[in-house]
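Everything below concerns the one structure shown next.
The values are calculated or read from the model by the stated rules, or taken from the named source; none is laboratory data. These figures come from a predicted structure and were not determined experimentally. Heads up, the Cβs are rebuilt from the backbone with ideal geometry, glycines too, and the neighbour counts pull from every protein chain shown.
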Amino acid sequence: MNPSIPPEQIEQDVLAAMKKPGLLYWLALLFCGTVFIAGMVCWGYQLKTGLGVAGISHPVAWGIYITNFVFWVGIAHSGTLISAVLFLLRARFRTSFNRAAEAMTVFALMVAGLFPLIHLGRTWVFYYLIPYPNQRQIWVNFRSPLIWDVFAISTYLTVSLVFFYVGMIPDFAVVRRYAKGIRKKIYQVLSLGWEGRLGEWRNYNQLYLFLAAFATPLVASVHSIVSWDFAMSILPGWHTTIFAPYFVAGAILSGTAMVITLVVPLRKTLSLQRYITDDHFEAIAKILLFTSLIVSYAYIVEPALAAYGKNPFEIEEFRYRAFGDYGTLFWIMIFCNSILPLALFVKRLRRNIHFLFVLSLFVNIGMWLERFVIIVTSLARDYNPYAWGTYHPSIIEIGITLGGFGLFFSAYLVFLKTLPVLSITEIKERSDGTGNHS
Amino acid sequence: MTRTPSKIPLFYPMMLVTAGIIAFLETGPGHGGGSSLLMTLVFWITVVEGCIAVAAICDLVHAKWIVTLKEELLSPVPLLLFLTVLFLLLGFKIDLYPWMQDEGRWLNKPFFLIRNAVVLLVTYGAALRYAALSREEDDRKVSAAVLYLFAFVLSQSLVAFDWVMSLDYPWYSTLFGAYFFVEAIFSGLAVAGILFALRYRREVEKAGEKKEYLRDLATLLFGFSILWGGLFFTQYLVIWYGNLPEEVVYLVERITDSPWRELSFLVILCFFAAPFFLFLPRRTKTLPGMVTLVSLIILGGLFVERLLFLKPALPLPTMIFLLESLGFFLLFSLQVGRSRA
Amino acid sequence: MAREIILENREAFVRKLRELVDGGVPAEKIHAQFPYPVHEVEEILGRRPGPVRYFTLIGAVTGFVAGFGLTIYTVLSWPMITGGKPLVSIPPFLLIAYILTILFGSLASFAGFFFLSILPKIGRLFTPLTEQANRFIITVEEEKR
C-alpha cells in the first residue's frame, strides 16, 4: 500500500510531532485549559450551592449531564473499534488511526466518568457506588443498571488503558533512543527495558490478540449497558428492545466522527500525509456511513413499530419527539446523523478531506443532540399529563458541559507532545509491505 | 466451475412442479391452516437470502475465502422467485393471523400481500443483478452488492415484523428485524461452513491456504455466536426487566411449559453455546468435520427457533410439512450441487 | 558461547533464519531480536503458541466465578427485594460476571505477559544491553566445548 519508507525516516517523521511546541500550540492549550477551568469553577459553584443551580428538576431529572455522559462514552467507542475490531479483522488502514483513537478513548472515558459524579450532586459520597464491606452493613444493588454502569465504565477504562499502554511499549523503546535528559529516563522506564527479543514478541503478539478479543465484546456491552440505563425503565420511548444495538452503532458513529475531527488537523499540522493517506480516510468514511445507516434504521423502526402497536403512550411519545417542544432539535439530529452522511455514497466526497472534516463536526453535533432528544423528551412526557414539563439547561450546566470539552481537548494536546501519535512499530511493519494483514 | 447450460431449463419446470405440489398439499385435506407453509417460508427465506448476503458482504470487504465458494452461495438466487410464488399461496391461508379479525391500516390482507410480494420481487431482482455482475467480476458488483444488502435488510425486516411478529399482534419488539437479518447472515455462514468443509475434503491441494480459510470461517461462526448471544440477551433482558404484562406474555408463553421451555434452551444451546465452546480451542477451528457439525447445529437451532416463533400458528401438519421441506431441500441442493459440478 | 549475526533488513533476516533452520540448527538454540513483528518467524521456528493463553483462561474463569460469587453472596447476606425481582436474579448478575470475566481475563493476560517476558528488566532499565535500533539480530547458541 505504502511505498517502502526506511524505518529511520518513519521514526523521525512521527517523532517530529514531539518536538518543542510552537506558539499556536500554547495558545490552543491555554484556550482549552481556560475552558476546562471555567467548567470546574461552575462545578465548584454547584457543589457549594447545591444541585438546584442546574436546570434539572421534576419531571426532567436527567438533563445534559447525562447527555454528556452518554455522548463521551460513545466517543470512546470508536477508539476501541479501530484498535481492536479492525485488528481482529486485519484491516490495514487501522495503523493510521489506532494510536490517536486509543488516546481519544482514554480521555473521553475520563470525561465521561466525571459526569455521573457531577450529576450525583453530593459528589463526595460517590464511593457508595462501590461494593465493599462497610459500616452501613448494606451492599450495592446489583440489579440496578446504574451499578452495571459503574462496573462497565471502570472495566472499560482499565482495559482501554492497558491496551493503549501495551500498544506503545515497542514505541517507547524507540522514543528512548531519541529523547534526552530527564525525558529519556521517563521513556526508559515506560519501555520496561523492551529489547524486541523473540520471546518478548511472541508473548506480546499473543497478549495483543487477547486484549483485542476481550475489548471487542466489552465495547459492545458497555454501550449496551449505557442504553439499558434507559431501556430498563418502562418509560415510553426508552423501554424498547432495539436500544442496545442502536446505541452501540450510534456510539461508533459519533466516535468515528470524532476521530476524523481530530486526525484531519493532526495530519495537516504534523505533515503526516505520507502515513495517513486519503485511502485511509476513505476507509474510515465507509465505517461512518455504515454506522449512520444502522442508526437511521433504528430511527425508522422505532416510530414505525410504535404506530404498528396499540400503545397510545408510545405513539404520543414519538409524535412529541418529532413535533413537540424539542422538534427542531429532532430534525437537526435527523439531518446530521441520517441525511448528511448519505453523501458518503459518492466516492469523490469520501475522499474529500475538507468535506469529511465538516461532516464530522455535523455528526458530532447530531449525536450530542440525539442523546439530548432521547433523554429529555421521554422524561418530559410520560404517562401522566399532570407530571408533564419541559427542561432548559442552566448556565451552570452549559459551563460544565463546555468544561468537559475543554478537558478532553487539553488532554489531547498534551498527548500530542508526549507520546508518539502514530504507532511507529506498526507503520514500519506495514511499510515493509509484508505485514500480516490481508 | 463451469455451469452446464443444458440443465438450466430443467430447474424452472421443477420449481413449478414443486410449487404445484405444495399448493395442492396446502389446499387439500388435513392442511392445518397454513402453518406448514409459513414454517417452510420463514426457514428457507432466511437460509437463501442469508447465503447471498454472505457473498455480498464478502465481496464488499474483499474477503479472500469467498472466492472458492461464491458460485455455490450465489446459486440459490432463483429460489427467491420460488419463495415469492409460495408466499402468494399464503394469501389463501391469511386467516392464520389474529389481526384478520381486526384489520388495520398496516395489517390488512391486500396491503400485506402486495407489499411483501413486491419486496420479495425487488430482492430477487437485486440478487439476480448482483449475482450476474459478481460472477463476471464486473466493477459494478460493489454497488450491486450494496443494493442487494438494502433489499435484504428490508426483506428480512418485513419477514420479522409482518410474517412472524404479527402472529402475536399487538405484541412487538423493535429488535426483531435486526435480529432476523443477523440470523440470516449467521445461517448463510453456516451453509458456507458446510459447503467449504465438503469441498475441503474433496480437494487436498493448496492445503495450507484452505486451512487458513477454514479457520477464518470458523472464527466468523464463533464471532457470530457471540453476536447472536448479545442480541438474544438484549431482547430478553429488556422484556424481563420491564415485566410489562402485555409484553412479557410472549416470553412467559415460551418458557413456562414443556416442550417450549426445553426448546427455548435448545435454541440457546444451538446458536450460542455449541459454536462458542466447540470453537473456543484453537485446533477445532481447522477440523472440517467440526465445522460441518457446528454448522448443522446452527441450522438446527434456526429451525427450532422458527418453530418457537410460530407457536400461535401451530401445530404443524407433520406429513405436509415434511414433504414441503423435502421438496425445498431437494431444490436447494440441486441448485448448489449443480454449481459445483 | 554464542554467535551473533546482525542483519539490516527484514528479507535478509528471514532468509538467514530459514537457512539456519534448514542447516540443522535446532530451533531452541536460536534467539533473535527484531524491531517489529515478523510473522514468518513463528512459522520457521515452528513453535507452538506461548503460555500467555493459560493466564488468560484462568483469569477469565476466575472473573466469571467472582462475578457470580460477589453478586449472589451480597444479595443473600442482606436479603432485600427491589423492583419485584427475585433475590438471585440471574440475568443482571450475568452482566456483572461477564464484565468481570473480561476485566480479570485482560489483567491476567497483562500480568502473564510481564511475568513470561521477564519485564520490566529492572537491572537493565537505564542501560539496555544492546540498543538494536532497526537492526535484526540473530544469536545462535553454540555447543559447549
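Summary table
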{"item": "Members of segment A:229-244 that are within 7 Å of chain B (Cβ to nearest Cβ) and farther than 13 Å from B:Ser173 by Cα", "result": "A:Met232, A:Ile234"}
{"item": "Qualifying residue in segment B:290-312 (condition: surrounded by fewer than 16 Cβ atoms within 10 Å (Cβ to Cβ), at pLDDT 85 or above and not in a loop (DSSP other than H, G, I, E, B))", "result": "yes"}
{"item": "Selection within segment B:238-273 - among the acidic types (Asp, Glu) and more than 14 Å from chain A (Cβ to nearest Cβ)", "result": "B:Glu253, B:Asp257, B:Glu262"}
{"item": "Any hit, segment B:174-184, residues being of a type outside the set (D, E, K, R) and not in a helix (DSSP H, G or I)", "result": "yes"}
{"item": "Selection count where residues are assigned to a helix (DSSP H, G or I) and either farther than 22 Å from A:Val376 by Cβ or touching a residue at least 12 places away in the same chain (Cβ under 8 Å) (or both), scope segment A:308-338", "result": "18"}
{"item": "Any hit, segment B:35-42, residues being modelled with pLDDT of 80 or more and under 18 Å from B:Phe152 (Cβ atoms)", "result": "yes"}
{"item": "Criterion (more than 7 Å from chain A (Cβ to nearest Cβ) and closer than 25 Å to A:Asp171 by Cβ) met by exactly one of C:Ala97, C:Ala111, C:Ala60", "result": "C:Ala111"}
{"item": "Selection from segment A:208-261 of residues that are of a type in the set (S, T, N, Q) and assigned to a loop (DSSP other than H, G, I, E, B)", "result": "A:Ser233, A:Thr240, A:Thr241"}
{"item": "A:Ile287 being aliphatic (A, V, I, L, M) and surrounded by 17 or more Cβ atoms within 10 Å (Cβ to Cβ)", "result": "yes"}
{"item": "Which listed residue is closer than 30 Å to B:Phe309 by Cα and among the β-branched types (Val, Ile, Thr), from B:Val142, B:Val119, B:Val61", "result": "B:Val119"}
{"item": "Check on C:Phe64, modelled with pLDDT under 80, more than 19 Å from A:Gly167 (Cα to Cα) and hydrophobic (A, V, I, L, M, F, W, C)", "result": "no"}
{"item": "Residue satisfying all of: in segment A:157-175; within 11 Å of another protein chain (Cβ to nearest Cβ) and of a type in the set (Val, Ile, Thr); farthest from the chain's Cα centre (by Cα) among these", "result": "A:Val174"}
{"item": "Residue satisfying all of: in segment B:167-199; surrounded by fewer than 21 Cβ atoms within 10 Å (Cβ to Cβ) and under 23 Å from B:Lys93 (Cα atoms); nearest to the chain's Cα centre (by Cα) among these", "result": "B:Leu167"}
{"item": "Failed criterion for A:Ala213 (all others in (1) hydrophobic (A, V, I, L, M, F, W, C); (2) at the interface with another protein chain (Cβ under 8 Å from one of its Cβ atoms); (3) in contact (Cβ under 8 Å) with a residue 24 or more places away in the chain hold)", "result": "(2)"}
{"item": "Boolean, A:Tyr178 is more than 8 Å from every other protein chain (Cβ to nearest Cβ) and either closer than 22 Å to A:Val85 by Cβ or crowded, with 24+ Cβ neighbours inside 10 Å (or both)", "result": "no"}
{"item": "Residues satisfying the stated conditions in segment A:116-148, i.e. surrounded by 15 or more Cβ atoms within 10 Å (Cβ to Cβ), within 14 Å of chain C (Cβ to nearest Cβ) and in a helix (DSSP H, G or I)", "result": "A:Leu129, A:Pro145, A:Ile147, A:Trp148"}
{"item": "Residues being at the interface with another protein chain (Cβ under 9 Å from one of its Cβ atoms) and either closer than 16 Å to B:Phe272 by Cα or small (Gly, Ala, Ser) (or both) - total across segment B:163-181", "result": "5"}
{"item": "Residue list for segment C:44-57, restricted to those being of a type outside the set (S, T, N, Q) and either surrounded by 16 or more Cβ atoms within 10 Å (Cβ to Cβ) or within 10 Å of another protein chain (Cβ to nearest Cβ) (or both)", "result": "C:Ile44, C:Leu45, C:Arg47, C:Arg48, C:Pro49, C:Gly50, C:Pro51, C:Val52, C:Arg53, C:Phe55, C:Leu57"}
{"item": "Check on A:Ala152, touching a helix residue (DSSP H, G or I) at 6+ places or on another chain (Cβ under 7 Å), outside any loop (DSSP other than H, G, I, E, B) and more than 10 Å from every other protein chain (Cβ to nearest Cβ)", "result": "no"}
{"item": "Test: residue in segment A:95-115 that is more than 14 Å from A:Ile75 (Cβ to Cβ), in a helix (DSSP H, G or I) and over 18 Å from the mean Cα position of the chain (by Cα)", "result": "yes"}
{"item": "Failed criterion for B:Gly104 (all others in (1) within 14 Å of chain A (Cβ to nearest Cβ); (2) surrounded by fewer than 23 Cβ atoms within 10 Å (Cβ to Cβ); (3) assigned to a helix (DSSP H, G or I) hold)", "result": "(3)"}
{"item": "Residue count, segment B:219-249 (criterion: over 22 Å from C:Phe93 (Cα atoms) and crowded, with 18+ Cβ neighbours inside 10 Å)", "result": "6"}
